[in-house]
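As structure tokens, the structure follows; a few thoughts come after it.
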Amino acid sequence: MNANPRPDGPLWLLAELTYRCPLHCVFCYNPVDYMRQQSEMSTAEWKETMRQSRALGAVQLGFSGGEPLLRDDLEELVAYGHELGFYTNLITSGIGLKPARLEALKAAGLDHIQVSFQDATQAANDALSDTKTFQKKLEIVQAVKAAGWPMVLNVVLHKLNLDHIDAIIELAEKLGVEYLELANTQYYGWAYQNKATLIPTHEQLKHAEERVAAWREKLGNTMKLLFVVPDYFEKTPKPCMNGWAKVFLSIAPDGTALPCQAARMLPGFEFPNVKTHRIEHIWFKSDAFQRYRGDSWMKDPCRTCPDKEKDYGGCRCQAYLITGEAENADPVCHKSPHHDKVVEFVNKAQHHAQQHECKGSNQPDYFKVQKPEHQAQALTTAQPIVWYRNDSNSLHLSPIDK
């Protein structure tokens with residue numbers, strides 16, 4: 001492997017249009033301190049970013065957030081992306097996607113919509129997002145199908161909903177979903193803050209994998225099921241983003257360019273901004289995008305590992321969150337000297353589940369929530385408390401609170 005390869009241009013551009021969102025999901029990957037990052041680029045600035053990215057070879061364009069539907073110019077941006085030749089994808093909670101907007105997005109040339117659900121029942125879905133949105137989401141899914149788009153559904157999985165895997169798939173089947181992404185939580189942002197409550201047990205994961213396999217056999221080609229195993233339960237790291245700044249370019253609402261959505265947390269970086277630097281300079285010449293390309297930055301055990309060309313050393317953000325240094329081997333890897341920290345996280349989750357069983361508690365953890373009036377209790381309690389993604393909690397919490 002060439003230690004300092006000359007990369008191709010980005011293939012995938014993610015436009016995080018805003019951090020504003022009507023939901024308050026406990027597993028959100030947005031920055032915990034998003035309230036300190038409130039500025040958003042103008043329509044013209046987003047268009048110029050799209051134009052430059054397309055000129056470098058990017059072909060996929062995702063509109064995300066927060067909730068991208070909160071941008072009044074979404075249809076205009078989709079139309080411009082379509083005009084440039086992008087394959088355009090809207091990643092949305094669906095809230096605010098009314099018939100008139102669906103028609104406008106269809107006319108703008110939007111290729112793909114992914115709608116998120118939190119669970120299969122109104123009580124669980126609404127509790128996990130701290131909203132009353134389940135019925136609205138059902139209506140939105142039906143409207144998306146009626147408009148002629150393939151129905152793509154995303155459900156983030158964790159300890160609080162893994163036991164509902166059959167009900168989730170049954171709901172997707174009932175709704176006529178063609179593609180169901182069952183994405184186990186990756187622990188960044190708010191999910192890392194809530195990891196004690198979200199990390200599942202080994203038994204939950206094993207049961208869920210067995211049920212997904214059974215459903216695949218039952219459904220055949222009528223619905224494609226993707227089941228993404230959580231990192232903490234693996235012994236080898238994932239090839240995060242297919243390599244640092246290798247194919248993926250994420251632009252934050254304020255124009256900050258990132259190799260992945262979570263990278264802003266890493267210390268010692270000055271991530272460039274598209275308002276002051278051209279995409280070509282950012283991608284090929286900026287320190288932030290070059291620092292972890294190739295393998296010259298690697299330390300052992302990554303440097304001498306034969307799998308470094310497969311996993312690229314794993315995730316830099318995960319390494320930083322768990323070990324305190326981004327250059328360390330991803331601690332998910334069994335070769336990492338810090339792997340025991342991941343094992344400890346998982347073992348604590350098993351212990352918490354056993355305590356729950358012993359107490360005979362039948363109250364789901366997502367009802368033990370973090371509200372502003374409970375913040376003093378949250379600082380002293382040994383019982384995991386869920387921190388909802390909301391403005392007051394964002395201001396209260398530091399960017400990384402271990």
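The values are calculated or read from the model by the stated rules, or taken from the named source; none is laboratory data. Since the model is a prediction, treat every value here as computed from it, not as a measurement. Note: ideal-geometry Cβ built from the backbone for every residue, glycine included; neighbour counts use all protein chains shown. Ligands, DNA and RNA are excluded from the accessible area calculation, which covers all protein heavy atoms including side chains. Shrake-Rupley method; radii C 1.70, N 1.55, O 1.52, S 1.80 Å.
Is it fair to say GLY81 is in contact with a strand residue (DSSP E or B) (Cβ under 9 Å, 6 or more places away or on another chain) and either open to solvent by 50 Å² or more (accessible area, probe 1.4 Å) or part of a loop (DSSP other than H, G, I, E, B) (or both)?
Details: in contact with a strand residue (DSSP E or B) (Cβ under 9 Å, 6 or more places away or on another chain): yes; either open to solvent by 50 Å² or more (accessible area, probe 1.4 Å) or part of a loop (DSSP other than H, G, I, E, B) (or both): no.
No.
Taking the stretch 126-161, which residues are within 23 Å of GLY109 (Cα to Cα), assigned to a helix (DSSP H, G or I) and over 21 Å from the mean Cα position of the chain (by Cα)?
GLU139, ILE140, GLN142, ALA143, VAL144, LYS145, ALA146
Which residue, of LYS195, LYS224, LYS218, LYS206, is in contact with a Phe, Trp or Tyr (Cβ under 6 Å, 6 or more places away or on another chain), more than 16 Å from PHE27 (Cβ to Cβ) and open to solvent by 10 Å² or more (accessible area, probe 1.4 Å)?
Matching residue, one of LYS195, LYS224, LYS218, LYS206: LYS224.
When the stretch 227-255 is examined, which residues are found to be open to solvent by less than 20 Å² (accessible area, probe 1.4 Å), assigned to a loop (DSSP other than H, G, I, E, B) and within 15 Å of GLY313 (Cβ to Cβ)?
PRO237, GLY243, ALA245 - these are the residues of the stretch 227-255 that are open to solvent by less than 20 Å² (accessible area, probe 1.4 Å), assigned to a loop (DSSP other than H, G, I, E, B) and within 15 Å of GLY313 (Cβ to Cβ).
Which of the following residues is open to solvent by 10 Å² or more (accessible area, probe 1.4 Å), farther than 30 Å from VAL386 by Cα and in contact with a Leu (Cβ under 6 Å, 6 or more places away or on another chain): ALA120, ALA147?
Answer to the selection: ALA147.
Just give me the residues in the stretch 256-290 being touching a helix residue (DSSP H, G or I) at 6+ places or on another chain (Cβ under 9 Å), more than 22 Å from TRP46 (Cα to Cα) and not in a helix (DSSP H, G or I), in sequence order.
LEU266, PRO267, PHE269
Return yes or no: is GLU181 in a strand (DSSP E or B), under 21 Å from the mean Cα position of the chain (by Cα) and closer than 21 Å to ASP166 by Cβ?
yes
Of everything in the stretch 263-287 that's among the small types (Gly, Ala, Ser) and open to solvent by less than 20 Å² (accessible area, probe 1.4 Å), which residue is nearest to TYR192 (Cα to Cα)? Give the derivation first.
Initially, the stretch 263-287 is screened for residues among the small types (Gly, Ala, Ser), giving 263, 268, 286.
From the residues that got through so far, the ones that are open to solvent by less than 20 Å² (accessible area, probe 1.4 Å) too are 263, 286.
Working: ALA263: 14, SER286: 29 Å.
Looking at the filtered set, the residue picked out is ALA263.
Which residue out of ILE91, ILE113 is modelled with pLDDT of 95 or more, assigned to a strand (DSSP E or B) and either small (Gly, Ala, Ser) or surrounded by fewer than 22 Cβ atoms within 10 Å (Cβ to Cβ) (or both)? Steps first, please.
Details: ILE113 fails: either small (Gly, Ala, Ser) or surrounded by fewer than 22 Cβ atoms within 10 Å (Cβ to Cβ) (or both).
Step by step, each of ILE91, ILE113 is checked, and only ILE91 is modelled with pLDDT of 95 or more, assigned to a strand (DSSP E or B) and either small (Gly, Ala, Ser) or surrounded by fewer than 22 Cβ atoms within 10 Å (Cβ to Cβ) (or both).
Within the set of pairs 6 or more residues apart or between chains, which connect a residue that is in contact (Cβ under 8 Å) with a residue 24 or more places away in the chain and open to solvent by 10 Å² or more (accessible area, probe 1.4 Å) inside the stretch 47-64 to a residue that is part of a loop (DSSP other than H, G, I, E, B) and acidic (Asp, Glu) with Cβ atoms less than 7 Å apart?
Listed by first residue and then by second, the contacts come to GLY57/ASP8.
Of VAL332, VAL343, which residue is part of a helix (DSSP H, G or I), among the β-branched types (Val, Ile, Thr) and closer than 23 Å to LYS195 by Cα?
VAL343
So, GLN318, is that one outside any loop (DSSP other than H, G, I, E, B) and surrounded by 20 or more Cβ atoms within 10 Å (Cβ to Cβ) or not?
yes
Could you tell me which numbered condition TYR192 fails, if it satisfies all but one of (1) within 15 Å of the chain's Cα centre (by Cα); (2) in a loop (DSSP other than H, G, I, E, B)?
Every listed condition holds for TYR192 apart from (2).
Out of everything in the stretch 162-192 that is touching a Lys or Arg at 6+ places or on another chain (Cβ under 6 Å) and open to solvent by less than 10 Å² (accessible area, probe 1.4 Å), what residue ends up being farthest from LEU266 (Cα to Cα)?
Taking the candidates together, the pick is ILE165.
Name the pairs: first residue in the stretch 288-314 and under 12 Å from GLU327 (Cβ atoms), second residue β-branched (Val, Ile, Thr) and surrounded by 19 or more Cβ atoms within 10 Å (Cβ to Cβ), Cβ to Cβ under 7 Å, at least 6 apart or on different chains?
Short answer, once both residue conditions are applied: GLY314/VAL332.
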